[in-house]
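Below is one structure, written out as structure tokens, with a few remarks after it.
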Amino acid sequence: MPRKAPPQRRGKPRGPTQARRRLSRQAPAIGDEFPGTVRDVAATGEGIVEHPGGQVCFVPGAWLGERGRFRITGRRGRAATGALVALEAPSPDRVSPPCPHHGHDDARCGGCPWQFMAYDAQLAAKEARLRQALERLGVAEAQAPIWAAPETLGYRNRARLRSDGERIGFLAAGSNRLAPIDDCPVLTARNRETLAALRAQLPEPAWRPRRRGPLTVLPIDDEQGPEAVTPNAPQAFRQGNSAQNTRMREWLAGSITDLAGRPAVELFAGSGNFTDVLAAGGCRPVLALDSAGDAIATLQTRGLPAVNTLALDLFTETAPVALETALASAELLVMDPPREGLRQLPAFIRRAPRLSAIRYISCDVATFARDLEALFDAGFHLDEVQPLDLFPHTPHLELLATLSRPA
Ligand SMILES: C[S@@+](CC[C@H](N)C(=O)[O-])C[C@H]1O[C@@H](n2cnc3c(N)ncnc32)[C@H](O)[C@@H]1O
């Protein structure tokens, strides 16, 4: 029998906002110019401006509170996309970007869309996004101050470069076009060396895309040098910021000190970045799952004590049934899903009557909030959400959440 606990949610989720209702008004024409003020920063990183006709417009390179002239450039669903034409009242937090390739047009690198803003302002925007989501659920008091990254440059331990055989770069913002670069200050020193070595190889006919095919992907990782780069090869998952990953692992270790000896299920375990923390913390037994067979094979070879592994697609309807036995005894659930979160979470939780603790690591505020609602319905309480900045100069936000269910 699932144990009952009063639902934590205090406020009802809001209905359609005024802005959303306004979206249905007549769309402005592409090329329309209009004055406006940025009223928010979207999860995608763009400024949100309202066209005088009422339509919401997403504008890259525009920040909260800024006033200026904007141009409609396209459509995104029922909203519009736009460009900044002239800035009349810039944010006091604008800074000169540390990378010469930063920009928001289709010739500029789209990798770090927030480089034009001071780091503190970036962090404040990330915290605000989480606060808004938690306020909608009535649990904003659970939010801890964000853990800033120790380094805002030189942190990125892996990347997917693109090449047309003549040039190397990243994709331009919101497009499949190549934005060539000669260096990238966000990469770790070893990755910058790899980039320089790859550039020295140009022109490289083997990297020319097939006719009308996509650009060639050159995956780089600072655990390997340029000789290991295999064009278009898939990359095994690895958290992209090593210093912040250490912090995430420490957070997990500190959050399970009273769970030694308890059975745990870990969903989306990859090759065991968090599994060895669970094993070292004394959780027994641990069942670690991921759909990536090669990642699970790597985890198996580590021979962690009392850790069992299984390659399983967790997004299928049958996954909760396949895990019935492990879920029946599990007291701790650890999950680190991709952006989609875990829509089928209620089906997993229904089969886990003894579950009293959850550690939810999320890379998407919206799906995290959706999954939280399901957990509240199942009697869980949100003890704390620790935001952490994994990728400075981007809108990405990582969340480390602690939930418990009273006995
Ligand atoms: C954010 S990563 C976390 C990996 C690991 N926890 C780590 O820190 O390295 C998400 C993981 O979800 C896995 N994944 C994606 N879709 C999945 C699915 N449908 N079923 C199971 N695992 C999936 C990926 O293979 C990846 O390892």
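Taken together, the values in this text are just the output of simple stated rules run on the coordinates, not laboratory data. Owing to the predicted nature of the structure, the values given are computational and were not obtained by experimental measurement. We place every Cβ from the backbone using ideal geometry, glycine too, and count neighbours over all the protein chains shown.
So if each residue of separation counts as 0.36 nm, and I subtract the Cα-Cα distance between residue 39 and residue 124, what length gain in nm does that give?
Contour length minus Cα-Cα distance gives 29.1 nm.
Can you compute the helix-only [θ] at 222 nm over the chain? Use -39500 (n - 2.57) per DSSP H run of at least 4 residues, normalise by all residues, nearest 500 deg cm²/dmol.
-6500 deg cm²/dmol
What's the extension gain from residue 86 to residue 107 if we count 0.36 nm per residue and subtract their Cα-Cα distance?
Net length gain for the segment: 5.6 nm.
Which listed residue (31, 197, 285) has the Cα farthest towards the positive end of the charge dipole for the chain, taking +1 on Lys and Arg C-beta and -1 on Asp and Glu C-beta about the Cα centre?
Of the listed residues, the answer is 31.
Using +1 at the Cβ of each Lys and Arg and -1 at the Cβ of each Asp and Glu in segment 158-228, identify which of 206, 174, 216 lies farthest towards the dipole's positive end.
Going by the Cα projections, it comes out as 174.
How would the chain be classified by its alpha-carbon gyration tensor: rounded, prolate or oblate, with rounded meaning a/c under 1.5 and the a/b versus b/c comparison settling the rest?
Oblate shape, in that a/c is at least 1.5 and b/c is the bigger or equal ratio.
³J(HN,Hα) across segment 206-220 via Karplus (A = 6.51, B = -1.76, C = 1.60, θ = phi - 60°), whole Hz, x for Gly/Pro?
Computed from phi, the couplings for segment 206-220 are 5, 9, 6, x, 5, 3, 6, x, x, 4, 6, 8, 10, x, 10 Hz.
Taking the Cα centre as origin and putting +1 on Lys and Arg beta-carbons and -1 on Asp and Glu beta-carbons, what dipole magnitude results for the chain, to the nearest 20 debye?
1320
Rounded to the nearest 0.05, what FRET efficiency do residue 257 and residue 318 give with R0 = 35 Å and r taken as the Cβ-Cβ distance? Could you check?
0.50
Have a look at the DSSP beta bridges in the chain and tell me what percent are antiparallel, nearest 5.
So the antiparallel bridges in the chain amount to around 70 percent.
Could you size up the charge dipole of segment 248-351 around its Cα centre, putting +1 on the beta carbon of Lys and Arg and -1 on that of Asp and Glu, and report it in debye to the nearest 20?
For this selection, approximately 160 debye.
Under unit Cβ charges (Lys, Arg +1; Asp, Glu -1), what dipole magnitude, rounded to 20 debye, does segment 317-407 have relative to its Cα centre?
Dipole about the Cα centre, nearest 20: 280 debye.
Local charge sum around residue 255 (other residues, Cβ-Cβ under 10 Å, Lys/Arg +1, Asp/Glu -1)?
Net charge in that neighbourhood comes out at -3.
Describe numerically, in nm with one decimal, the distance between label points set 7 Å from Cα along Cα→Cβ at residue 141 and at residue 208.
For residue 141 paired with residue 208, the spin-label model returns 6.6 nm.
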